[in-house]
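What follows is calculated from the coordinates using simple rules that are stated; it is not laboratory data. Everything quoted here is computed from the prediction, not taken from an experiment. Using ideal geometry, Cβ is built from the backbone for each residue, glycine included, and neighbour counts are taken over all protein chains shown.
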Amino acid sequence: PNVKLVTSDNEEFVVDFRIAKMSVTVSRLMEAMNMSETDDASLLSNSIPLPNVTKAVMARVIEWCEKHKNDEPKEEKENDKRGRTTHVVSDWDKEFLKNDEFGRLCQLMGAANYLEIKGLFNDISQTIANMIHGKKSDEIAEMFNIHCDLTEAEKKEIRKKTAWCED
Amino acid sequence: RRQMFRGSRIDITTKPIVEQMRLMRLNRLARHVNSNYEVNVERRDYFPILALPKELIALIFSFLPIKDRLRARVNKKLNSIEAESKYHVKRLIIHEVWEVLYPNPPSISTQYMLLSTMKSYSSDMIRKITNNSSFESLEITLIGSDKFHRKVCHLIKEFKMDSLKLDIRNAYMKKGTIIDSFLIDLSESCKYLILNDLYVCTITAETLLQIFMNIIDGSTLLRSLKCYLLKKETVTSFLRLYGITIRDGVVFSNKRIEAYEMLPEKIRYRFYDGSMEIAVGVPFAYDDSNQRIEKKSEDSRSQNECSQRFEYVNIVSNVVPCMFTFHCFPY
């Protein structure tokens, strides 16, 4: 069974029900519209509006979902000794994300967040976190083209609190 | 592959009125699910992190170790996000060391914060961590005893943590810090508490009993207390207060408890009263611990040796309550 998704620029995407289900937001909306996998009429007569996603971004999202539709649902490891959210970005995903230039990646992240596709969102977050990891403050600022608007007093305060991580 | 998704353009206005209304309602619903935001489509050679809403930046930060997060505070927006966001850390080890051998310790497996005894630190950074982080497991080892260390000890009870392992190496500092009121404060701020080497501390049996009772009636957060090298007298009098006496290796009690004598590996005696377990035992290297206890009371070397032998005899026939645990079931 197929589901129709309509993006902000009025583009209609017809995707498999399973793919649509990968987005928590879409599956919630389908529930609200009484659409079910077994009821073909409900799927044909309705379409899901996604006003926060453009067609270009949507195509990328669906591409990602197509690749991952058969993934086992990941269990949250309780005894994971790692001290923070960690996520392993698969090689395919790395290649996939490489194709997006940064502006698009940013939109993709927004879409993944809005559509609540956890795997994709974690992929992108981890990719960006990897970019920050191990860099010095000025390198981070340069990388993201961030203009420092902190006052001298604020800078001093920050330096005081971060003294231990500047070896 | 892409052709599959290319659907025909539809015109929403051609839909029936009811449908339109439903769409409108859903549009509004969809907008509520997440705040709208826009990002310029123009090509960029950098990731426009500042264009993201605060929540998303905070989420990216949650993928980073604390050090990286702190370094990322390069402008006002990022600084305020860092300051406001709450972090949940699975395991943090704050370890003071004589020499930092590895400037970049294995930060991927566990969050490490290595402090060097050669440097001086401001307690502001500890306060900062207490303010917006919660921990599943926190391990603190402190060597020094200056103002910073006292401040840290003072701040420990403000940490939000499930489990705490505290090791203060300086004997004077330990004696002054780990006192009855400190123990009671900690019993109210964490679930599992492990305290190392308490032989110099003057914790009273009455306090232990009070904490024990608080665990039973659930008036405290603590579920388990583990004390290493607690003074022998303290433990025997705690057991006496609770209603257990051990004489020549024989357990006497008028309570309905189960008592087990274990081989002198880690735990020597185990008592179980239906909901709580008390374990009294010898530490991993009990000879060493006895030396420490004896050094305090004996001055001359020959006496020391003599009493050591005496203690050793005691190990076989009597309780050597060097490790002391009690916890509540289910653990």
**Fill in**
In deg cm²/dmol, rounded to the nearest 500, the helical mean residue ellipticity at 222 nm of chain A, built from -39500 (n - 2.57) for every DSSP H run of length 4 or more, is -15500 deg cm²/dmol
**Asked** How crowded by other chains is A:128-140, given as the mean number of beta carbons from other chains within 10 Å of each beta carbon?
**Response** 6
**Neighbouring partner chain Cβ atoms per residue of A:57-65, average, 10 Å criterion** = 2
**Fill in**
The alpha-carbon center of segment A:91-137 and that of segment B:105-182 are separated, in whole Å, by 35 Å
**Message:** How far apart, in nanometres, would the label points at A:E63 and B:S122 be if each is projected 7 angstrom from Cα along the Cα-to-Cβ direction?
**Reply:** 4.8 nm
**Item:** Extension reserve of the A:A56-A:A41 stretch, reckoned as 0.36 nm per residue once the Cα distance is removed
**Value:** 2.6 nm
**Message:** Can you compute 3J(HN,Hα) from phi for each residue in segment B:59-71, using the Karplus curve 6.51 cos²θ - 1.76 cosθ + 1.60 with θ = phi - 60°, rounded to whole Hz and x for Gly and Pro?
**Reply:** 5, 4, 4, 5, 8, 10, x, 3, 4, 5, 4, 5, 5
**Asked** Sequence-distant or interchain residues sharing an amide H contact under 5 Å with A:E116, placed H: which?
**Response** A:T25
**Asked** Considering amide H positions built from the backbone, and no H for Pro or chain starts, which residues 5 or more places from B:S116, or on another chain, come under 5 Å of its amide H?
**Response** B:V97
**Beta bridges by DSSP in chain A, antiparallel share as percent, to the nearest 5** = 55 percent
**Fill in**
Per-residue average of other protein chain Cβ atoms inside 10 Å, peptide A:48-56 -> 4
**Message:** I need A:E152, A:E116, A:E101 ordered by Cβ neighbour count within 10 Å, fewest first.
**Reply:** A:E152, A:E101, A:E116
**Fill in**
In nm, the gap between the two label points placed 7 Å beyond Cα toward Cβ at B:K147 and A:S8 is 5.3 nm
**Asked** Could you give P(r) for segment B:177-248, binned at 5 Å from zero, as whole percent values over all Cα-Cα pairs?
**Response** 4, 16, 28, 27, 17, 6, 2, 0
**Request:** Name the most mobile residue of A:M35, A:M109, A:M143, meaning the one with the largest mean-square fluctuation, in a Gaussian network model of chain A with Cα contacts below 10 Å.
**Result:** A:M143
**Prompt:** If you look at just the Cα atoms of chain A, how large are its Rg and its Dmax in Å?
**Reply:** 20.1, 64
**Item:** FRET efficiency estimate (nearest 0.05) - Cβ-Cβ, B:W98 to B:Y260, R0 41 angstrom
**Value:** 0.50
**Message:** Please compute the modelled spin-label separation between B:S253 and B:L209, points set 7 Å along Cα→Cβ, answer in nm with one decimal.
**Reply:** 1.5 nm
